[in-house]
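Read through the structure below, which is laid out as structure tokens, and then see the notes.
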Amino acid sequence: MNVQIRIQGVNRVISALAYDGLKRDIANTTEAYTRKAANESAGMAPVKDGKLRNSIVASPEQIDETHWQYGSDVEYARKQEYEHKTQKAFIRKSVWNNETPYREKIRDHVRDLG
């Protein structure tokens, strides 16, 4: 089970603005928020032996310059995410909690251009 963090159309915006630093800023912000969301997800995950939590923390990976994903390769991760009685949605909640601040940070990078 993986969650992908990506901005649609970012390459079009960057080329229209002709500023290479924007792509770097967006890439750094995307990495930071992906790692933050992964850590928060792990903190909210149910714990029996720590395997699920550890797999989430170790999972963030870069797909391309502005595209990251995280999740878990533990066989019961999806079941815990959707069916656990008290701690379900630990990954989805983390994504929801970070969606607006992430979007605002990207917006700030674009606004800083002038």
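Structural remarks
- Across segment 4-24, the number of residues qualifying as hydrophobic (A, V, I, L, M, F, W, C) and either out of contact with any Ser or Thr (no Cβ under 8 Å at 6 or more places or on another chain) or modelled with pLDDT of 95 or more (or both) comes to 6.
- Flag for GLU75 being part of a loop (DSSP other than H, G, I, E, B) and either surrounded by 13 or more Cβ atoms within 10 Å (Cβ to Cβ) or among the charged types (D, E, K, R) (or both): yes
- Pairs are defined by a Cβ separation below 8 Å, a sequence spacing of at least 6 or placement on different chains, a first member in segment 22-47 that is outside any helix (DSSP H, G or I), and a second member that is of a type in the set (S, T, N, Q); the pairs so defined are ALA45/GLN80; ALA45/GLN87; PRO46/GLN80; PRO46/THR86; PRO46/GLN87.
- The listed residue being at pLDDT below 95 and surrounded by fewer than 19 Cβ atoms within 10 Å (Cβ to Cβ), out of ALA27, ALA58, ALA32: ALA27
Each row is one residue, and each column tells you yes or no for (1) closer than 23 Å to ARG24 by Cα; (2) not in a helix (DSSP H, G or I).
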residue: ASP49; (1), (2): no, yes
residue: ASN54; (1), (2): no, no
residue: ILE63; (1), (2): yes, yes
residue: LYS88; (1), (2): no, yes
residue: ARG92; (1), (2): no, no
residue: ARG103; (1), (2): yes, no
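- Every pair of residues 6+ apart whose Cβ atoms lie under 6 Å, when the first sits in segment 69-88 and is touching a residue at least 24 places away in the same chain (Cβ under 8 Å) and within 23 Å of LYS36 (Cβ to Cβ) while the second is buried (at least 16 other Cβ atoms within 10 Å of the Cβ) and among the polar types (S, T, N, Q): TYR70/THR34; TYR70/SER59; GLY71/SER59; SER72/SER55
- Evaluation of THR66 against the conditions (1) surrounded by 15 or more Cβ atoms within 10 Å (Cβ to Cβ); (2) out of contact with any Lys or Arg (no Cβ under 8 Å at 6 or more places or on another chain) shows that the sole unmet condition is (2).
The values are calculated or read from the model by the stated rules, or taken from the named source; none is laboratory data. All figures in this text were calculated on a predicted structure; none of them were measured in a lab. Note that each Cβ is placed from the backbone with ideal geometry, even for glycine, and that neighbours are counted across all protein chains shown.
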